[in-house]
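Only one structure is covered here, and it is reproduced in the block below.
The values are calculated or read from the model by the stated rules, or taken from the named source; none is laboratory data. This one's a predicted model, so the numbers in the text were calculated from it and none came from an experiment. Here the Cβ is made from the backbone with ideal geometry for all residues, glycine too, and neighbour counts use every protein chain on show.
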Amino acid sequence: MLLFLIMNSSWMHAQQHPQTEESPGLVKWLTFKEAFELNKKQVKPFLIDVYTDWCGWCKQMMKTTYSNPDIATYINTWFYPVKFNAETKDSIEYLGTTYYNTGKTGKSTHQLALKLLGNQLMYPTTIFTNYSVNFVLNSQGYLDTKKIEPILVYTLENIFRTTAYEDFKVHFEKTFYDTVKSNTRLKWYSFREAQELCKKYPRKLLVDLYTSWCNGCRVMNSTTFSDTLNVEYINKNFYLIDFNVEIKDTLLFRGTSYLNNGANGTPFHQLAMTFVKNNMALPSTVVIDENSDILDVIPQYLSPTSIEPVLRYYGSNAYKTEKWENYVKNYKILKTSFKN
């Protein structure tokens, strides 16, 4: 069962509460030893703050970003935050190896800092990592709340699996910060509306599974489907279904009624759980053909460009004659011949 913190308006625009100069902010910092012990019991991504005692921007980040109550709550809830002095004299065990500071001066760099930062010794550096999937993203320099928010979501919600960070950042900012929203004329339907229309005018169903508290879902809903790259093609070839997986409606699918009664200890609708075979990941996109057969379930965030070949593959019926691997391999060539 996936649980993510809601990014509400206060999270985006919360008032900052500066702390004293030596304060660690509101984040509950851990040592590497403490974080790895906790990670054995419950796997979470790590946020590693690499700093030095003389670094002014490191202190400023503690006073501002890490003293923002909503940012701190998000980090404390979903990450193991580690505060690491790059010039500490302590020996540190890291992934089975013990590292030391062998320098003779007070400002010599610790071996572990050299390993983590390589030749890029800049402070502060914030490392976002998920050891279970070998994901690492290093962000150099001061991060204010606006800069750190998309990186936290990108790391926590595994968006790195499908999308480069710079691409996601653009769509994140467009979703949460742009005051001018695009008017794309994208047509959304409820599940019932799409089923009724499909009886008269058969089309495939494109089901967007999401929740209000999944930030990657919000970005995908706001930008992926509504991108000019995809709007006209979706409207022409699919009924795009808005499916909040926590709705309480009774829904009929292939002759069976589905409810959301909290069965199996989840807040998710039984039909959504049926689509994903009881393995919920958010966001997910489900493709259903005109005969109500499930063609595909894609359990991950998709950017406008990554969903484009998926739409064409199923919308053009290429899936009936060609394997996906071959289709996507030749997609760049085929793209020039597509006509919306």
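Tabulated data for the structure shown
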| read-out | value |
| --- | --- |
| Residues of segment 121-134 classified as assigned to a strand (DSSP E or B) and in contact with a strand residue (DSSP E or B) (Cβ under 6 Å, 6 or more places away or on another chain), total | 5 |
| Qualifying positions in segment 22-61 - in contact with a helix residue (DSSP H, G or I) (Cβ under 6 Å, 6 or more places away or on another chain) and charged (D, E, K, R) | 28 |
| Residue within segment 255-264 that is in contact (Cβ under 8 Å) with a residue 24 or more places away in the chain and either touching a strand residue (DSSP E or B) at 6+ places or on another chain (Cβ under 7 Å) or on the phi > 0 side of the Ramachandran plot (or both) present | no |
| Filter result (at positive phi and touching a Ser or Thr at 6+ places or on another chain (Cβ under 8 Å)) within segment 142-180 | none |
| Some residue of segment 169-180 being within 12 Å of the chain's Cα centre (by Cα), assigned to a helix (DSSP H, G or I), outside the structural domain of residue 238 (by TED's automatic domain parsing) and surrounded by fewer than 16 Cβ atoms within 10 Å (Cβ to Cβ) | no |
| Leading residue by the ranking (surrounded by the most Cβ atoms within 10 Å (Cβ to Cβ)) among those in segment 190-225 that are outside any strand (DSSP E or B) and of a type in the set (D, E, K, R) | 218 |
| Cross-chain or 6+ apart pairs with Cβ under 6 Å, segment 200-217 first and at pLDDT 95 or above, then polar (S, T, N, Q) | 209/284 |
| Residue check for residue 260: out of contact with any helix residue (DSSP H, G or I) (no Cβ under 8 Å at 6 or more places or on another chain) and either within 25 Å of residue 202 (Cα to Cα) or not hydrophobic (A, V, I, L, M, F, W, C) (or both) | no |
| Sole exception among (1) free of Cβ contacts under 8 Å to residues at least 60 places away in the same chain; (2) closer than 30 Å to residue 40 by Cα; (3) buried (at least 20 other Cβ atoms within 10 Å of the Cβ) for residue 148, by number | (1) |
| Failed item, numbered, when residue 185 is tested on (1) surrounded by 15 or more Cβ atoms within 10 Å (Cβ to Cβ); (2) under 21 Å from residue 243 (Cα atoms) | (1) |
| Which listed residue, of 143, 137, 121, is under 30 Å from residue 108 (Cα atoms), within 14 Å of the chain's Cα centre (by Cα) and in contact (Cβ under 8 Å) with a residue 24 or more places away in the chain | 137 |
| Helices (runs of 4 or more DSSP H) contained in segment 229-340 and holding at least 3 residues in the same structural domain as residue 206 (by TED's automatic domain parsing) and crowded, with 17+ Cβ neighbours inside 10 Å | 231-237, 270-275, 304-315 |
| In segment 193-212, the residues that are within 29 Å of the chain's Cα centre (by Cα) and either farther than 20 Å from residue 247 by Cα or not β-branched (Val, Ile, Thr) (or both) | 194, 204, 205, 206, 208, 209, 210, 212 |
